[in-house]
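A.B. asks: Got a structure here, written out as C-alpha coordinates. Questions coming.
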Amino acid sequence: MKIGLTLYGDIDGRSGGFRYDRKLVEGLRRAGDTVDLVELPWRDYGRGLLDNASRRLRDRLRIDVDVMLQDELAHPSLVRTNRHLPYPIVSIVHHLRASESRRLSPLYRAIERRYLDTVDGVVCNSAVTRDVVTDLGVDPERTAVAPPAGDRFDPTIGAEAIDRRARKRPLRVVFVGNVTPRKGLRTLVEGLAAAESEAELIVVGRPVDDGYVAAVRRCVRRNGLEKRVRMAGELSDTELAATLRSAHLLAVPSRYEGFGIAYLEGMSFGLPALASRAGGARETVTDGENGVLVDPDDPGAIAAAITRFAADPGRIAEMGRAARRRYERHPDWTETTARVRRLLGATVSEDGVTA
(Lines give C-alpha, C1' and ligand atoms only; values in the text may rest on other atoms or scores of the structure.)
Protein backbone atom coordinates (compact mmCIF):
# COMPACT_ATOMS: atom_id res chain seq x y z
CA MET A 1 0.00 0.00 0.00
CA LYS A 2 0.96 3.61 -0.49
CA ILE A 3 0.42 5.19 2.90
CA GLY A 4 0.78 8.74 4.17
CA LEU A 5 1.18 9.95 7.75
CA THR A 6 0.23 13.46 8.80
CA LEU A 7 1.38 14.74 12.18
CA TYR A 8 2.38 17.85 14.08
CA GLY A 9 6.10 18.34 14.59
CA ASP A 10 9.06 16.05 13.92
CA ILE A 11 8.49 12.29 14.02
CA ASP A 12 11.90 11.94 15.70
CA GLY A 13 10.54 13.64 18.84
CA ARG A 14 11.02 11.87 22.18
CA SER A 15 7.46 11.56 23.47
CA GLY A 16 5.63 8.24 23.59
CA GLY A 17 3.29 9.34 20.81
CA PHE A 18 6.16 10.13 18.46
CA ARG A 19 7.83 6.82 19.29
CA TYR A 20 4.59 5.01 18.46
CA ASP A 21 4.28 6.78 15.11
CA ARG A 22 7.95 6.17 14.33
CA LYS A 23 7.85 2.45 15.16
CA LEU A 24 4.64 2.06 13.16
CA VAL A 25 6.26 3.67 10.10
CA GLU A 26 9.26 1.34 10.46
CA GLY A 27 6.96 -1.68 10.69
CA LEU A 28 4.88 -0.67 7.68
CA ARG A 29 7.99 -0.17 5.57
CA ARG A 30 9.38 -3.56 6.62
CA ALA A 31 6.07 -5.08 5.52
CA GLY A 32 6.62 -3.64 2.02
CA ASP A 33 4.44 -0.52 2.21
CA THR A 34 5.64 2.93 1.22
CA VAL A 35 5.07 5.67 3.78
CA ASP A 36 5.27 9.39 3.03
CA LEU A 37 5.40 11.83 5.95
CA VAL A 38 3.63 15.18 6.11
CA GLU A 39 5.06 16.98 9.17
CA LEU A 40 3.01 20.06 9.97
CA PRO A 41 4.29 22.92 12.16
CA TRP A 42 3.24 22.81 15.81
CA ARG A 43 0.12 24.89 16.49
CA ASP A 44 -1.67 26.01 19.60
CA TYR A 45 -5.32 24.98 19.50
CA GLY A 46 -6.77 28.22 18.15
CA ARG A 47 -4.11 28.68 15.47
CA GLY A 48 -4.62 25.09 14.39
CA LEU A 49 -8.33 25.66 13.85
CA LEU A 50 -7.51 28.62 11.61
CA ASP A 51 -5.49 26.26 9.36
CA ASN A 52 -8.76 24.85 8.07
CA ALA A 53 -9.20 27.95 5.92
CA SER A 54 -5.77 27.45 4.32
CA ARG A 55 -5.78 26.37 0.68
CA ARG A 56 -2.02 26.00 0.97
CA LEU A 57 -2.45 23.31 3.65
CA ARG A 58 -5.00 21.44 1.52
CA ASP A 59 -2.65 21.52 -1.46
CA ARG A 60 0.21 20.21 0.67
CA LEU A 61 -1.93 17.29 1.84
CA ARG A 62 -3.00 16.28 -1.68
CA ILE A 63 -0.37 13.58 -2.12
CA ASP A 64 -0.61 10.31 -4.01
CA VAL A 65 -1.48 7.67 -1.41
CA ASP A 66 -3.98 4.85 -1.05
CA VAL A 67 -4.76 5.85 2.52
CA MET A 68 -3.67 8.60 4.91
CA LEU A 69 -2.85 8.00 8.56
CA GLN A 70 -3.25 11.05 10.77
CA ASP A 71 -1.97 11.50 14.30
CA GLU A 72 -5.08 12.78 16.10
CA LEU A 73 -2.96 15.32 17.95
CA ALA A 74 -3.06 17.36 14.72
CA HIS A 75 -6.88 17.33 14.58
CA PRO A 76 -7.32 21.11 15.06
CA SER A 77 -5.74 21.71 11.64
CA LEU A 78 -7.68 18.86 9.99
CA VAL A 79 -11.23 19.00 11.34
CA ARG A 80 -12.57 20.72 8.20
CA THR A 81 -9.57 20.25 5.91
CA ASN A 82 -10.24 16.50 5.78
CA ARG A 83 -13.48 17.01 3.86
CA HIS A 84 -11.46 18.35 0.92
CA LEU A 85 -8.95 15.49 0.71
CA PRO A 86 -9.13 12.79 -2.00
CA TYR A 87 -8.21 9.63 -0.07
CA PRO A 88 -9.56 7.54 2.83
CA ILE A 89 -8.26 8.60 6.26
CA VAL A 90 -7.40 6.55 9.34
CA SER A 91 -6.70 8.44 12.56
CA ILE A 92 -4.20 7.31 15.22
CA VAL A 93 -5.63 8.22 18.61
CA HIS A 94 -3.18 8.26 21.51
CA HIS A 95 -5.15 10.52 23.82
CA LEU A 96 -8.30 12.60 23.38
CA ARG A 97 -8.59 15.99 25.05
CA ALA A 98 -12.26 15.17 25.60
CA SER A 99 -11.15 12.45 28.02
CA GLU A 100 -9.66 14.93 30.46
CA SER A 101 -11.52 16.74 33.20
CA ARG A 102 -10.92 20.37 32.34
CA ARG A 103 -12.85 23.56 31.86
CA LEU A 104 -12.90 23.40 28.05
CA SER A 105 -13.71 19.68 27.78
CA PRO A 106 -17.18 20.27 26.19
CA LEU A 107 -15.56 22.37 23.45
CA TYR A 108 -12.81 19.83 22.82
CA ARG A 109 -15.38 17.04 22.80
CA ALA A 110 -17.45 18.81 20.13
CA ILE A 111 -14.44 19.48 17.91
CA GLU A 112 -12.97 16.00 18.31
CA ARG A 113 -16.34 14.45 17.55
CA ARG A 114 -16.53 16.51 14.36
CA TYR A 115 -12.97 15.53 13.44
CA LEU A 116 -13.65 11.81 13.96
CA ASP A 117 -16.69 12.14 11.73
CA THR A 118 -14.31 12.96 8.85
CA VAL A 119 -12.22 9.78 9.10
CA ASP A 120 -12.83 6.26 7.79
CA GLY A 121 -11.14 4.33 10.58
CA VAL A 122 -9.40 4.79 13.91
CA VAL A 123 -6.32 3.12 15.40
CA CYS A 124 -6.62 3.16 19.21
CA ASN A 125 -3.73 2.60 21.61
CA SER A 126 -5.99 0.87 24.17
CA ALA A 127 -9.47 -0.55 24.63
CA VAL A 128 -10.24 2.40 26.91
CA THR A 129 -9.34 4.79 24.10
CA ARG A 130 -11.57 2.80 21.74
CA ASP A 131 -14.46 3.18 24.19
CA VAL A 132 -13.98 6.95 24.21
CA VAL A 133 -13.79 7.04 20.41
CA THR A 134 -16.92 4.96 19.93
CA ASP A 135 -18.70 7.13 22.50
CA LEU A 136 -17.99 10.01 20.12
CA GLY A 137 -19.82 8.22 17.32
CA VAL A 138 -17.20 6.06 15.59
CA ASP A 139 -18.42 2.63 14.42
CA PRO A 140 -16.53 -0.01 16.49
CA GLU A 141 -16.12 -2.07 13.30
CA ARG A 142 -13.94 0.73 11.92
CA THR A 143 -11.49 0.64 14.84
CA ALA A 144 -8.44 -1.39 15.76
CA VAL A 145 -6.83 -1.61 19.19
CA ALA A 146 -3.07 -1.61 18.55
CA PRO A 147 -1.16 -0.90 21.78
CA PRO A 148 2.43 0.29 21.77
CA ALA A 149 5.12 -2.21 22.67
CA GLY A 150 7.09 -1.40 25.81
CA ASP A 151 10.46 -2.52 24.46
CA ARG A 152 12.23 0.83 24.46
CA PHE A 153 14.86 -0.68 26.78
CA ASP A 154 14.09 -4.43 26.84
CA PRO A 155 16.55 -5.03 29.68
CA THR A 156 17.75 -8.38 30.91
CA ILE A 157 16.66 -8.74 34.53
CA GLY A 158 15.79 -11.91 36.41
CA ALA A 159 13.79 -12.78 39.52
CA GLU A 160 16.91 -12.91 41.71
CA ALA A 161 17.93 -9.37 40.76
CA ILE A 162 14.39 -8.11 41.40
CA ASP A 163 14.34 -9.81 44.84
CA ARG A 164 17.79 -8.47 45.75
CA ARG A 165 16.88 -4.92 44.79
CA ALA A 166 13.63 -5.06 46.80
CA ARG A 167 15.59 -5.47 50.06
CA LYS A 168 17.60 -2.27 49.62
CA ARG A 169 16.58 0.87 51.48
CA PRO A 170 15.38 3.59 51.39
CA LEU A 171 12.51 2.99 49.03
CA ARG A 172 13.30 4.64 45.69
CA VAL A 173 10.35 5.96 43.71
CA VAL A 174 10.71 7.29 40.15
CA PHE A 175 8.30 9.52 38.22
CA VAL A 176 8.64 9.57 34.42
CA GLY A 177 6.63 12.02 32.32
CA ASN A 178 6.25 15.61 31.23
CA VAL A 179 5.84 17.86 34.26
CA THR A 180 2.27 19.05 33.66
CA PRO A 181 -0.84 19.07 35.89
CA ARG A 182 -2.32 16.02 34.11
CA LYS A 183 0.56 13.79 35.18
CA GLY A 184 -0.16 14.27 38.89
CA LEU A 185 3.36 15.03 40.14
CA ARG A 186 2.24 17.49 42.81
CA THR A 187 -0.21 14.92 44.18
CA LEU A 188 2.64 12.40 44.26
CA VAL A 189 4.84 14.80 46.23
CA GLU A 190 2.01 15.44 48.69
CA GLY A 191 1.57 11.68 49.10
CA LEU A 192 5.31 11.21 49.63
CA ALA A 193 5.25 13.88 52.36
CA ALA A 194 2.37 12.15 54.16
CA ALA A 195 3.82 8.62 53.89
CA GLU A 196 5.26 6.94 56.97
CA SER A 197 8.63 6.31 55.37
CA GLU A 198 11.81 8.03 54.25
CA ALA A 199 11.18 7.15 50.60
CA GLU A 200 13.07 9.11 47.96
CA LEU A 201 11.65 10.42 44.67
CA ILE A 202 13.45 11.06 41.39
CA VAL A 203 11.47 13.13 38.87
CA VAL A 204 12.42 12.45 35.25
CA GLY A 205 10.75 14.54 32.56
CA ARG A 206 10.55 17.73 30.58
CA PRO A 207 9.29 20.77 32.55
CA VAL A 208 6.50 21.70 30.10
CA ASP A 209 4.43 23.97 32.37
CA ASP A 210 6.64 26.50 34.17
CA GLY A 211 3.92 27.57 36.57
CA TYR A 212 3.19 24.00 37.56
CA VAL A 213 6.89 23.21 37.98
CA ALA A 214 7.17 26.18 40.35
CA ALA A 215 4.15 24.92 42.32
CA VAL A 216 5.73 21.47 42.64
CA ARG A 217 8.99 22.98 43.89
CA ARG A 218 7.10 25.05 46.47
CA CYS A 219 5.33 21.89 47.62
CA VAL A 220 8.70 20.17 48.03
CA ARG A 221 10.07 23.04 50.12
CA ARG A 222 6.91 23.43 52.21
CA ASN A 223 7.09 19.78 53.19
CA GLY A 224 10.83 19.78 53.87
CA LEU A 225 11.54 17.25 51.12
CA GLU A 226 14.52 18.95 49.48
CA LYS A 227 16.86 16.07 50.38
CA ARG A 228 14.38 13.38 49.30
CA VAL A 229 13.10 14.75 45.97
CA ARG A 230 15.41 15.25 43.00
CA MET A 231 14.19 16.99 39.84
CA ALA A 232 16.41 15.29 37.26
CA GLY A 233 14.87 16.86 34.13
CA GLU A 234 15.16 15.01 30.84
CA LEU A 235 17.58 12.10 30.75
CA SER A 236 19.16 10.16 27.92
CA ASP A 237 17.86 6.64 27.38
CA THR A 238 21.03 5.27 29.00
CA GLU A 239 20.59 7.48 32.07
CA LEU A 240 16.88 6.69 32.33
CA ALA A 241 17.54 2.96 32.04
CA ALA A 242 20.05 3.18 34.92
CA THR A 243 17.52 5.13 37.01
CA LEU A 244 14.77 2.58 36.41
CA ARG A 245 17.07 -0.35 37.09
CA SER A 246 17.95 1.03 40.55
CA ALA A 247 14.41 2.08 41.57
CA HIS A 248 11.77 0.11 43.47
CA LEU A 249 8.56 1.71 42.19
CA LEU A 250 7.38 3.69 39.16
CA ALA A 251 4.77 6.26 40.22
CA VAL A 252 2.83 8.36 37.70
CA PRO A 253 -0.62 9.08 39.21
CA SER A 254 -2.00 10.83 36.13
CA ARG A 255 -5.48 12.24 36.02
CA TYR A 256 -5.83 10.39 32.71
CA GLU A 257 -3.71 8.28 30.35
CA GLY A 258 -4.85 6.92 27.00
CA PHE A 259 -2.44 4.02 27.51
CA GLY A 260 0.50 4.92 29.76
CA ILE A 261 3.60 3.54 28.08
CA ALA A 262 5.77 4.56 31.06
CA TYR A 263 4.12 1.88 33.23
CA LEU A 264 5.01 -0.85 30.77
CA GLU A 265 8.57 0.44 30.34
CA GLY A 266 8.96 0.42 34.12
CA MET A 267 7.63 -3.14 34.22
CA SER A 268 10.37 -4.19 31.82
CA PHE A 269 12.74 -3.51 34.76
CA GLY A 270 10.50 -5.39 37.17
CA LEU A 271 9.04 -2.23 38.73
CA PRO A 272 5.52 -2.28 40.16
CA ALA A 273 3.49 0.74 39.08
CA LEU A 274 1.55 3.26 41.11
CA ALA A 275 -1.03 4.62 38.67
CA SER A 276 -4.43 6.26 38.45
CA ARG A 277 -7.63 4.30 37.88
CA ALA A 278 -8.62 6.86 35.23
CA GLY A 279 -7.96 5.92 31.61
CA GLY A 280 -5.91 3.17 30.06
CA ALA A 281 -3.44 2.48 32.89
CA ARG A 282 -5.68 -0.26 34.26
CA GLU A 283 -5.15 -2.29 31.07
CA THR A 284 -1.51 -2.70 32.12
CA VAL A 285 -1.62 -2.25 35.89
CA THR A 286 -3.61 -4.88 37.80
CA ASP A 287 -4.31 -3.53 41.27
CA GLY A 288 -2.65 -5.66 43.94
CA GLU A 289 -0.84 -7.88 41.43
CA ASN A 290 1.74 -5.82 39.55
CA GLY A 291 1.00 -2.41 41.01
CA VAL A 292 -1.47 -0.19 42.81
CA LEU A 293 -4.29 1.88 41.34
CA VAL A 294 -5.45 5.03 43.12
CA ASP A 295 -8.11 7.60 42.40
CA PRO A 296 -6.89 10.77 40.64
CA ASP A 297 -5.79 13.63 42.91
CA ASP A 298 -5.74 11.45 46.04
CA PRO A 299 -2.50 12.03 48.01
CA GLY A 300 -3.83 9.98 50.94
CA ALA A 301 -4.05 6.84 48.80
CA ILE A 302 -0.56 7.49 47.46
CA ALA A 303 0.78 7.93 50.99
CA ALA A 304 -0.80 4.63 52.05
CA ALA A 305 0.69 2.81 49.04
CA ILE A 306 4.20 4.20 49.60
CA THR A 307 4.02 3.40 53.32
CA ARG A 308 3.07 -0.20 52.61
CA PHE A 309 5.73 -0.68 49.93
CA ALA A 310 8.41 0.76 52.23
CA ALA A 311 7.45 -1.63 55.02
CA ASP A 312 7.20 -4.79 52.92
CA PRO A 313 10.17 -5.68 50.67
CA GLY A 314 8.61 -9.08 49.96
CA ARG A 315 5.57 -7.38 48.44
CA ILE A 316 7.80 -5.21 46.25
CA ALA A 317 9.64 -8.30 45.02
CA GLU A 318 6.45 -10.28 44.35
CA MET A 319 4.82 -7.41 42.46
CA GLY A 320 8.08 -6.72 40.62
CA ARG A 321 8.21 -10.28 39.32
CA ALA A 322 4.56 -10.03 38.26
CA ALA A 323 5.32 -6.71 36.52
CA ARG A 324 8.12 -8.29 34.53
CA ARG A 325 5.84 -11.17 33.49
CA ARG A 326 3.20 -8.63 32.35
CA TYR A 327 5.81 -6.91 30.22
CA GLU A 328 6.96 -10.18 28.65
CA ARG A 329 3.48 -11.15 27.44
CA HIS A 330 2.65 -7.75 25.96
CA PRO A 331 2.28 -7.57 22.14
CA ASP A 332 5.39 -6.51 20.23
CA TRP A 333 5.62 -3.99 17.40
CA THR A 334 5.19 -6.73 14.78
CA GLU A 335 1.76 -7.57 16.19
CA THR A 336 0.85 -3.89 16.58
CA THR A 337 1.79 -3.17 12.98
CA ALA A 338 -0.16 -6.19 11.76
CA ARG A 339 -3.32 -4.94 13.50
CA VAL A 340 -2.92 -1.52 11.90
CA ARG A 341 -2.27 -3.00 8.45
CA ARG A 342 -5.45 -5.06 8.66
CA LEU A 343 -7.49 -1.94 9.34
CA LEU A 344 -5.71 0.00 6.58
CA GLY A 345 -6.29 -2.82 4.08
CA ALA A 346 -9.98 -3.01 4.95
CA THR A 347 -10.33 0.76 4.65
CA VAL A 348 -8.62 0.84 1.26
CA SER A 349 -10.76 -2.05 -0.03
CA GLU A 350 -13.98 -0.39 1.10
CA ASP A 351 -12.93 2.77 -0.70
CA GLY A 352 -12.62 0.82 -3.95
CA VAL A 353 -8.83 0.99 -4.23
CA THR A 354 -6.76 -2.13 -4.88
CA ALA A 355 -4.16 -2.48 -2.13
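The values are calculated or read from the model by the stated rules, or taken from the named source; none is laboratory data. The structure displayed is predicted, hence computed values, not measured ones. Neighbour counts run over all protein chains shown; Cβ positions are idealised from the backbone, glycine included.
A.B. asks: Select, from V216, V176, the only residue that is hydrophobic (A, V, I, L, M, F, W, C) and either touching a residue at least 60 places away in the same chain (Cβ under 8 Å) or under 29 Å from A317 (Cβ atoms) (or both).
C.D. replies: Being hydrophobic (A, V, I, L, M, F, W, C) and either touching a residue at least 60 places away in the same chain (Cβ under 8 Å) or under 29 Å from A317 (Cβ atoms) (or both) holds for just one of V216, V176, which is V176.
A.B. asks: In the same structural domain as T180 (by TED's automatic domain parsing) and in a loop (DSSP other than H, G, I, E, B), is that true of R245?
C.D. replies: Taking the combined requirement at face value, the residue does not satisfy it.
A.B. asks: Can you pull out the residues in the stretch 244-263 that are surrounded by fewer than 18 Cβ atoms within 10 Å (Cβ to Cβ) and either at pLDDT below 95 or among the β-branched types (V, I, T) (or both)?
C.D. replies: none
A.B. asks: Out of everything in the stretch 138-167 that is without any contact (Cβ under 8 Å) to a residue 40 or more places away in the chain and of a type outside the set (A, V, I, L, M, F, W, C), what residue ends up being surrounded by the fewest Cβ atoms within 10 Å (Cβ to Cβ)?
C.D. replies: In this case the residue turns out to be T156.
A.B. asks: Restricting attention to the stretch 63-74, does a residue exist that is in contact with a Cys (Cβ under 8 Å, 6 or more places away or on another chain), closer than 29 Å to E265 by Cβ, not assigned by TED's automatic domain parsing to the domain that holds G279 and not aliphatic (A, V, I, L, M)? Give the derivation first.
C.D. replies: Residues of the stretch 63-74 that are in contact with a Cys (Cβ under 8 Å, 6 or more places away or on another chain), as a first pass: none.
Within the stretch 63-74, not a single residue is in contact with a Cys (Cβ under 8 Å, 6 or more places away or on another chain), closer than 29 Å to E265 by Cβ, not assigned by TED's automatic domain parsing to the domain that holds G279 and not aliphatic (A, V, I, L, M).
A.B. asks: Are any residues in the stretch 78-115 under 27 Å from R282 (Cα atoms) and in contact with a strand residue (DSSP E or B) (Cβ under 7 Å, 6 or more places away or on another chain), and if so, which ones?
C.D. replies: V90, S91, I92, V93, S99 - these are the residues of the stretch 78-115 that are under 27 Å from R282 (Cα atoms) and in contact with a strand residue (DSSP E or B) (Cβ under 7 Å, 6 or more places away or on another chain).
A.B. asks: Go through (1) over 21 Å from L240 (Cα atoms); (2) touching a strand residue (DSSP E or B) at 6+ places or on another chain (Cβ under 7 Å) and name the single condition G291 misses.
C.D. replies: Status for G291: all satisfied but (1).
A.B. asks: Can you work out which of the residues in the stretch 1-29 that are more than 13 Å from V340 (Cα to Cα), without any contact (Cβ under 8 Å) to a residue 12 or more places away in the chain and of a type outside the set (D, E) is surrounded by the most Cβ atoms within 10 Å (Cβ to Cβ)?
C.D. replies: F18
A.B. asks: Just wondering, is there one or more residues in the stretch 110-121 that are in the same structural domain as S77 (by TED's automatic domain parsing), β-branched (V, I, T) and within 25 Å of R326 (Cα to Cα)?
C.D. replies: The answer is no, given that none of the residues of the stretch 110-121 is in the same structural domain as S77 (by TED's automatic domain parsing), β-branched (V, I, T) and within 25 Å of R326 (Cα to Cα).
A.B. asks: Quickly run through the stretch 138-177 and pick out the residues that are assigned to a loop (DSSP other than H, G, I, E, B) and of a type in the set (S, T, N, Q).
C.D. replies: Hit for the stretch 138-177 is T156, nothing else.
A.B. asks: Looking at R222, is it of a type in the set (D, E, K, R), more than 20 Å from the chain's Cα centre (by Cα) and in the same structural domain as T307 (by TED's automatic domain parsing)?
C.D. replies: yes
A.B. asks: Could you please give the count of residues in the stretch 197-238 that are part of a loop (DSSP other than H, G, I, E, B) and at positive phi? Explain how you work it out, then say what you get.
C.D. replies: If we filter the stretch 197-238 for residues that are part of a loop (DSSP other than H, G, I, E, B), which is where we start, we get 197-199, 205-209, 223-228, 234-236.
Filter again for at positive phi, leaving 205, 224.
Number of matching residues: 2.
A.B. asks: While we're looking at this one, here's another question. Examine the stretch 46-55 for a residue that is under 20 Å from the mean Cα position of the chain (by Cα) and crowded, with 18+ Cβ neighbours inside 10 Å, and state whether such a residue exists.
C.D. replies: Restricting attention to the stretch 46-55, the residues satisfying the condition of being under 20 Å from the mean Cα position of the chain (by Cα) are none.
Taking every residue of the stretch 46-55 in turn, none turns out to be under 20 Å from the mean Cα position of the chain (by Cα) and crowded, with 18+ Cβ neighbours inside 10 Å.
A.B. asks: Scan the stretch 1-49 for residues that are closer than 24 Å to H95 by Cα, outside any strand (DSSP E or B) and among the aliphatic types (A, V, I, L, M) and report the count. Quick ask: steps written out before the conclusion?
C.D. replies: Restricting attention to the stretch 1-49, the residues satisfying the condition of being closer than 24 Å to H95 by Cα are 3-28, 35-49.
Still in the running and outside any strand (DSSP E or B): 9-28, 41-49.
This time we only want the ones that are among the aliphatic types (A, V, I, L, M), so: 11, 24-25, 28, 49.
Residues flagged as closer than 24 Å to H95 by Cα, outside any strand (DSSP E or B) and among the aliphatic types (A, V, I, L, M) within the stretch 1-49 amount to 5.
A.B. asks: Can I ask one more? Kindly list, by first and then second residue, each pair from a residue in the stretch 98-115 that is aromatic (F, W, Y) to a residue that is at pLDDT 90 or above, limited to pairs with Cβ atoms under 7 Å and residues at least 6 apart or on different chains.
C.D. replies: Y115/H75; Y115/L78; Y115/V79
A.B. asks: Follow-up. Working only within the stretch 72-99, note down all residues that are out of contact with any helix residue (DSSP H, G or I) (no Cβ under 7 Å at 6 or more places or on another chain) and at pLDDT below 95.
C.D. replies: H95
A.B. asks: Given D163, D151, which one is out of contact with any Asp or Glu (no Cβ under 7 Å at 6 or more places or on another chain) and charged (D, E, K, R)?
C.D. replies: D163
A.B. asks: Next up: Restrict the check to the stretch 43-54 and report whether at least one residue is touching a Gly at 6+ places or on another chain (Cβ under 9 Å) and in contact (Cβ under 8 Å) with a residue 12 or more places away in the chain.
C.D. replies: Going residue by residue through the stretch 43-54, those that are touching a Gly at 6+ places or on another chain (Cβ under 9 Å) are none.
Scanning the stretch 43-54 turns up no residue that is touching a Gly at 6+ places or on another chain (Cβ under 9 Å) and in contact (Cβ under 8 Å) with a residue 12 or more places away in the chain.
A.B. asks: Could I ask something else about it? When you look at V79, is it closer than 24 Å to T347 by Cβ, β-branched (V, I, T), buried (at least 18 other Cβ atoms within 10 Å of the Cβ) and over 26 Å from the mean Cα position of the chain (by Cα), yes or no? Break it down into steps so the answer makes sense when it comes.
C.D. replies: On the way: closer than 24 Å to T347 by Cβ: yes; β-branched (V, I, T): yes; buried (at least 18 other Cβ atoms within 10 Å of the Cβ): yes; over 26 Å from the mean Cα position of the chain (by Cα): no.
No, not satisfied.
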